[in-house]
Amino acid sequence: IHYKSARRNGPFLAINCATLPESLFEAILFGTERGGFTGAVSKIGLFEQANGGTLLLDEINSIPTELQAKLLRVLQEKTIRRIGGIKDIPVDVRIISTTNENPKEIVKTGKMRLDLYYRLNLIYLEFPPLRERKEDIPILANYFLNKIVRILHKETPVISGEAMKFLMEYYYPGNIMELKNLIERMAL
């Protein structure tokens with residue numbers, strides 16, 4: 001989406017929200033100002049770094065609900081304020097968000113604010129799990145194989161018919177990442 005858009009020359013940043021400690025979310029997204037809290041230094045956050053480009057918030061369902069109000073404000077006002085800052089900083093950032101759960105269920109369980117859901121849900125793309133689209137397995141398997149052998153500086157092996165049959169019949173509870181990991185282990 002980013003590289004095929006008018007923002008392609010701007011920055012593309014991605015952050016997996018599930019990997020961030022709750023205490024650091026705000027500082028990482030909005031930045032900090034020196035003196036804002038004990039030990040604080042001036043540091044720009046991801047919104048400023050992505051200005052003019054795209055910010056991917058992966059697993060957005062992991063953002064604490066109290067921070068979702070601040071995220072909603074950024075989306076509506078197109079400004080951020082660093083932690084400890086006194087001025088609003090304008091930002092022009094496209095947000096792409098992903099979740100590993102059904103967004104409507106996340107809203108229903110209270111893990112996501114309804115107003116944030118509607119603000120983010122301008123275009124909704126749902127990708128069925130790999131086990132429901134087996135025809136993609138050979139394409140993805142060969143893509144991952146070619147990618148890893150280039151990194152390892154090896155010749156590209158061919159996936160045998162027997163190996164491909166196994167790949168096609170497997171259930172993939174870990175979805176595409178499990179296929180990628182399996183292919184990388186095979187190449188190694």
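Annotations
- The structure-derived value of percent of Cα pairs over 21 Å apart appears in the list (i) 48; (ii) 55; (iii) 61 under the label (iii).
- Choice from GLU105, GLU132, GLU22 with maximal GNM fluctuation in the chain (Cα, 10 Å cutoff): GLU132
- Local charge for ARG7 was computed over the other residues whose Cβ lies under 12 Å away, with Lys and Arg +1 and Asp and Glu -1, and equals +2.
- Pairwise FRET efficiency - ARG34 versus LEU122, Cβ, R0 = 35 Å, nearest 0.05: 0.45
- Whole-number percent relative contact order across the chain, with pairs defined as alpha carbons under 8 Å at least 6 apart: 18
- On the beta carbon distance between LYS70 and ARG8, with R0 = 45 Å, the FRET formula returns roughly 0.95.
- Computed helical MRE - 222 nm, the chain, DSSP H runs ≥ 4 contributing -39500 (n - 2.57), nearest 500: -11000 deg cm²/dmol
- Length added when fully stretched, TYR143-ASP88, from 0.36 nm per residue minus Cα-Cα: 15.4 nm
- Counting Lys and Arg as +1 and Asp and Glu as -1 over every other residue whose Cβ lies under 13 Å from the Cβ of ASN51, the net charge comes to +1.
- Placing pseudo-labels 7 Å out from each Cα toward the beta carbon at GLU155 and ASN100 gives an inter-label distance of 3.8 nm.
- Three-way shape label, segment 1-75, alpha-carbon gyration tensor, a/c 1.5: oblate
FYI, it's all coordinate maths here, none of it is from the lab. Computed from a prediction, not measured in an experiment: that's the story for all the values here. With ideal geometry, Cβ positions are generated from the backbone for all residues, glycine too; neighbour counts draw on all protein chains shown.
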